Amino acid sequence: MGLDLTALGRQVRQMSGATALSAATTNERTSRVVARYREATGAEQHWATAANISRETANWLLAHPVEPLDTARNRPEIPVSYALVASDGSQIDLDRHGSASCYLINIGRVFLRYGENPLARLSSEPVLYYREEDLYLSNGTRRVPIEGNYLSARRDVDEGVALVGLADEFLTDDIPCLALQDGTLIRWTLAGAERFVQDHFLGRYLAYLDAMHERGIPVASYISRPRSPEVVGTIRLMLCPDVDVAAGKGANCSECSDLADGRDPSCSICQGLVDTDILAGQLSEGQRGPLFISMSRINVESYREHTIYFFHMRVGRELARIEIPQWVAQDPDQVDLIHALMYDQAGRGGGYPVALERAHEQAVVRSADRRTFQHMLEASLYRAEADASASAKKDSKSYIKG
Amino acid sequence: MGVAAPTGSPMERIGEVIESSTTRFTAGAYELLAAPPFGSLVRAQTRSAGVAVYGLVYEIRTGSKEPGGRAMMRGRTYSGRNLYDAEIYHEHPDLAEVLQTEFSAITVGYCERDRRYQYLPPHPPPVHYSVYPCDDAELGGFCESSDFFRSVLFAAQIPSDELLSAAIRATARARHDSRDYLVYAGRELASLLKDDYDRLTAILRRIKP
């Protein structure tokens, strides 16, 4: 039997009712939190310091303000001609029940040039990994399989490396250009990894950013409907009774004075709110909000001159989060260029950058292709007289037995 | 009627076979929206060097390369600007990569070295082999004989009357003796359609000079 839709339908209706009820109280909370945020305009330096000293001890994510909090910059002029490269990847993870130990990464590659001499090049490049050094990371004593999150990390690196290749191949004209990635530039997935695993992936990822920096090609990533609560984290500091910047005292959630006094923490009003809730009101179409530095541990501690900054930009009813490395963020012309190009790309794509849409289309592995790949693998192993059988569990799931 | 020697056409290939069967084949055009005209004669290369298959183009279509994909309207931009026709392609260079123009041809004969045959070849053109347009000389030469009229008239699921009229008009244009050719073609049609007066007159009206 599959999904019992009758049973599910009842629960869906209950959920909808509960969601509608909570929306009203959320709106009221949001306006109070936004008011506190606006009040802090002009005191950016103060709260930047507060974020720095609270980084280790606060339980939530933080953003370090770089520009006035009420920034709402209009979209700069879009250059007549520009070029960009973008990449996106998908993977077929190691199948423990499958016939062979291997995984596949498919990278979609996009080059687009607009203006006087428009041109597009779309392609995809699959790579099959099956060697011992592809399947495991090892530091001599420890041997860590590359699967799940680590495979995603490897894919992120491969996407970056593809961008360098694309840039060398295509971004040779003297017109404004950009290298674009989907999702975040901050490799969260590595935050909890073992040191040597983190060093391995992050080293290669930062090498890709180094390569783009050397070439002078700005890098950016676009996050549609971001759910990150980093700016909200900094507002929590504004509400926290324990923060005293003058005394060098940041928020320390393990010694929360509100909790000690038997109250709900003052910052609990921020519960469930995200950055876009805060900034939505101050940005109209095409405008971008203030630049922040993400204070996530891996970004602050490991990204060197590539420390990731971000800003929000309004595209229709959505605020997108755009991330850029420090060497781009510190050049106002480059920030303006990214702002203009990201908006133009989203406009051409009907709300989402067309280059990323195309890269995704190139990268995606559909279920039919996935099956063909499995058959190809099994047939080839069979011909090579290698063991090609799937596990009993996988066989048992392939069809319903009467 | 005599058979003219093949021209050894230096014309550039325009497409590639992507679907092939004994009676018809479909080709993808290398340039978006640039398919050979309806009713025109095309030549598909085969695995034997001297052998090529002739087809008459009976359908042209353009759509998403993605199975099940559809094009979307792009004439009004996100910022409210209006774009017209070719401007849309200029503003979206990626369209040329994701859309594809295809044309299908009904097989009407083949050539082997310098001989042309107006019946089905032993093998259809292989998938991925090149498709070339035929110039006036080659078209005129192929249509020296009208044996293929019958294959077109009685082929199923194609607009056969329209297709044959278009092919006859194109051949007449390509030949010096246009009028004589039309009269000749009309007589051939009359003999093929002696039992179907309505259909005959409908075709004759379409090829009338």
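The values are calculated or read from the model by the stated rules, or taken from the named source; none is laboratory data. Please read all numbers here as calculations on a predicted model, not as lab measurements. Positions of Cβ are generated from backbone atoms using ideal geometry, with glycine treated the same way; all protein chains shown enter the neighbour counts. Remember, those area values only see protein heavy atoms, side chains included, never the ligands or the DNA or RNA. Shrake-Rupley method; radii C 1.70, N 1.55, O 1.52, S 1.80 Å.
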Expressed as a whole number, the average count of other chain Cβ atoms within 10 Å around the Cβ atoms of B:65-78 is 2
Under a Gaussian network model of chain A whose springs join Cα atoms within less than 10 Å, the largest fluctuation of A:Thr49, A:Thr26, A:Thr276 belongs to A:Thr26
Summed over the other residues with a beta carbon less than 15 angstrom from that of B:Phe25, with K and R at +1 and D and E at -1, the charge totals +1
Rounded to the nearest 10, the angle in degrees between the Cα long axis of helix B:197-207 and the longest principal axis of the Cα atoms of chain B comes to 70
Check: C-alpha center the range A:344-358 vs C-alpha center the range A:122-174, spacing in Å is 25
Rounded to a whole number, the Stokes-Einstein D of the range A:259-402 in µm²/s (Kirkwood radius over Cα pairs; 37 °C; 0.692 mPa s) is 162
For chain A, the per residue accessible area (1.4 Å probe, Å²) is 48
Out of B:Ser160, B:Ser21, B:Ser130, a Gaussian network model of chain B with alpha-carbon springs under 10 Å gives the largest mean-square fluctuation to B:Ser21
For chain A, the longest principal axis of the Cα atoms and the Cα long axis of helix A:5-39 enclose an angle in degrees, to the nearest 10, of 40
Ignoring ligands and nucleic acids, chains A and B bury, in total, an accessible area (1.4 Å probe) to the nearest 100 Å² of about 1300
Expressed in angstrom and ordered largest first, the alpha-carbon extents of the protein assembly as shown along the principal axes are 107, 61, 57
Once both label points are put 7 Å beyond Cα along the C-beta direction, the A:Ser367-B:Phe154 separation in nm becomes 4.7
Ordering A:Val80, A:Val328 by the accessible surface of their heavy atoms, 1.4 Å probe, largest first, yields A:Val80, A:Val328
So, over other residues within a Cβ distance under 9 Å of A:Pro226, counting Lys, Arg +1 and Asp, Glu -1, the net charge is +2
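For chain A, what is the calculated [θ] at 222 nm in deg cm²/dmol (nearest 500), taking -39500 (n - 2.57) for each run of four or more DSSP H residues and dividing by its residue count?
Roughly -13500 deg cm²/dmol at 222 nm, from the helical runs in chain A.
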A 1.4 Å probe over the protein heavy atoms gives the protein assembly as shown a carbon and sulfur accessible-area percentage of 50
Projected onto the charge dipole of chain A (unit charges on the beta-carbon of Lys, Arg, Asp and Glu, signs +1, +1, -1, -1), the Cα from A:Gln91, A:Cys240, A:Ile338 with the largest positive-side position is that of A:Gln91
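Taking the radius of gyration and the Kirkwood hydrodynamic radius from Cα positions alone, what is the Rg/Rh ratio for the range A:20-176, to two decimal places?
On the way: Rg = 23.5 Å, Rh = 21.0 Å.
Expressed as Rg/Rh, it is 1.12.
Can you give the alpha-carbon Rg of chain B over 2.2 N^0.38 Å, where N counts its residues?
Ratio of Rg to 2.2 N^0.38 Å for chain B: 1.14.
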Magnitude of the Cβ-charge dipole (Lys and Arg +1, Asp and Glu -1) of chain A about the Cα centre, nearest 20 debye, reported as 1340
So, over other residues within a Cβ distance under 14 Å of B:Glu112, counting Lys, Arg +1 and Asp, Glu -1, the net charge is +4
Mean per-residue count of partner chain Cβ within 10 Å for A:349-355 equals 2
Filtered hits (aspartates and glutamates, Cα-Cα < 18 Å from A:Lys393, offset >= 8 within chain) -> A:Asp93, A:Asp95, A:Glu378
To the nearest Å², the heavy-atom accessible area per residue of chain B with 1.4 Å probe amounts to 55
Projected convex hull area of the range B:24-105, Cα atoms, direction-averaged, in nm², equals 6.9
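If you stretched the chain out fully between B:Glu144 and B:Arg61, how much longer would it get, using 0.36 nm times the residue separation minus the C-alpha to C-alpha distance? Mind showing how you got there, number by number?
Working: separation 83, 0.36 × 83 = 29.88 nm, distance 2.97 nm.
Once the chain is fully extended between B:Glu144 and B:Arg61, it gains 26.9 nm.
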FRET efficiency for A:Asp168 and A:Asp261 from the Cβ-Cβ distance with R0 = 60 Å, rounded to 0.05, comes out at 0.50
Once B:Met11, A:Met212 are ranked on solvent-accessible area with the largest value leading and a 1.4 Å probe, the list reads B:Met11, A:Met212
Length-normalised contact order of the range B:60-122, Cα under 8 Å, at least 6 apart, in percent, tallies to 32
Longest principal axis of chain B (C-alpha) makes with the long axis of helix B:160-174 (C-alpha) an angle, in degrees to the nearest 10, of 80
